[in-house]
Amino acid sequence: MDGHREPPFDPAAELARIRAATDRLLRTAARLSDADVRAPSLLPGWSRGHVLTHLARNADGGRRLLTWARTGVRTPEYPGPAEREAEIEAGAGRGAAELLADLRASAAAFEAEYRRMPPGAWRHPVRWMRGQERPASQAAHARRCEVLVHHVDLDAGFTPAQWPPDFTRAMLARVAAAFAARPDTPAVRLRATDTGAAHDLGAAGPRAPLARAPQHVLLAWLMGRAPAPGPGLPEPPFLY
């Protein structure tokens, strides 16, 4: 099994990684026309405008979680699932310039709140909309994940092969652990041909189907962003 262990949380280093992912996303968004943002994304039922609006509102939600951790005042990520969906629908039909401006401003506001965080506040627990309670440091990891994964969903030239290797390795381990905790996970053995990372899902024994591919291909498949990396592999349940 993969012995990968994530390093201790380093706020400055993680912010640099978030900024790099965000800058690349903004460059992609800046190339999109009004017609482009109305075109379908890779997410069923969502246009690129939906994806861009979701990313902007996700930055707002992450900022609110950081405010909660910094001040101790309960500041929910979103008012609720219905309100979150309504905000995305309301913003999805905007033009490319307005979508870009919103994406840029919300990312800047997230970063400004991030920089206000005192070192000890990263350990403070906050609660996500779906009820998970985790240290505030997970809001930083979650933001980078949102930007990198949904950049792929824009279907505008950025692919899983361009995910940073450190993100892909860490995220593959997280996704494998998430699936391991679910009773509906089919048995499958994962072997990353580029890193040697190995994960067994479900009740995977030596005869369980084997998925061998570079780590970004395995991760994209498990997250529903790529076809199975070989014949005879089970379909993973929806995760993200």
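The figures follow:
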{"item": "Helix-only mean residue ellipticity at 222 nm for the chain, each DSSP H run of n ≥ 4 adding -39500 (n - 2.57), per residue, nearest 500", "result": "-17000 deg cm²/dmol"}
{"item": "Crossing angle, helix 96-116 versus the chain [Cα axis fit, 0-90 degrees, rounded to tens]", "result": "90"}
{"item": "More than 22 Å apart - percent of Cα-Cα pairs taken over region 11-135", "result": "40"}
{"item": "DSSP-defined antiparallel bridges as percent of all bridges, the chain, nearest 5", "result": "65"}
{"item": "Tilt relative to the chain, helix 137-153 - C-alpha long axis, 0 to 90 degrees, to 10", "result": "80"}
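We did not get these values from a lab; they are worked out from the coordinates using the rules stated. Everything numeric in this text was worked out from a predicted model, so none of it was measured.
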